[in-house]
Amino acid sequence: MDDAIVVRPAVESDARTLLSLVRALAEYEKLDPPDEAAQRRLVRDIFGDRKRLDAFLAEAGGAVIGYALVLETYSSFLALPTLYLEDLFVLPEHRGKMAGSTLFRAVVAEAHRRGCGRVEWRALEWNDLAKEFYRRQGAVALEEWRVWRLTQEKINSL
């Protein structure tokens, strides 16, 4: 069996597989997975007429073993798009085989293809495995920036 890692854009017929990976990431991060309505929105936003993000799948031996979700933001100071990496996940049993690196490099290549000025993402503070992975890729944590958030409830009340 060929274990070479191949990364490709997800297609609509991959939706069920992609959702299973999203649920696996939620379990890994000890978070609630998306409910059925959220899963439908996610599929719509990746594959629908008004795409909001792109999905890439990593495969080894014909099996999907990981995924990445990306979307563009914009840097007014660079006057260039930024490729934001929402999720990067490889199933635990496939870690240590370069799948994460291959998937990450595919995201970086996509940023280059789009003419982006940078790639950005977040990692949970407790996730030392992820932080070390990103450091090995040459990334640096932006300690001076804090993430701020308005929830949907607050958005609605404003």
request  = Could you grab me the full set of residues in region 68-90 that are without any contact (Cβ under 8 Å) to a residue 40 or more places away in the chain and more than 22 Å from Lys30 (Cα to Cα)?
outcome  = Leu71, Tyr74, Ser76, Phe77, Ala79, Leu80, Pro81, Thr82, Leu83, Tyr84
key: Close pairs (7 angstrom Cβ cut-off, 6 or more residues apart or separate chains): free of Cβ contacts under 8 Å to residues at least 60 places away in the same chain in region 104-120, assigned to a helix (DSSP H, G or I) and surrounded by fewer than 18 Cβ atoms within 10 Å (Cβ to Cβ) anywhere   = Val119/Val108
inquiry  = I need every pair where a residue in region 7-23 that is over 19 Å from Thr102 (Cα atoms) and hydrophobic (A, V, I, L, M, F, W, C) has its Cβ under 6 Å from the Cβ of a residue that is surrounded by 13 or more Cβ atoms within 10 Å (Cβ to Cβ) and modelled with pLDDT of 95 or more, sequence separation at least 6 or different chains.
reply    = Ala15/Val43; Leu19/Gln39
task = Using the structure shown, decide if Ala106 is modelled with pLDDT of 95 or more and more than 24 Å from Asn127 (Cα to Cα).
result = no
request  = Output the number of residues of region 1-36 satisfying the condition of being of a type in the set (D, E, K, R) and at pLDDT below 95.
outcome  = 4
note = Of Tyr84, Tyr74, the only residue that is closer than 17 Å to Ala130 by Cα and hydroxyl-bearing (Ser, Thr, Tyr) is Tyr84
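The values are calculated or read from the model by the stated rules, or taken from the named source; none is laboratory data. Fair warning: this is a prediction, and the values are worked out from it, not measured in the lab. Positions of Cβ are backbone-derived with ideal geometry, glycine not excepted, and every protein chain shown enters the neighbour counts.
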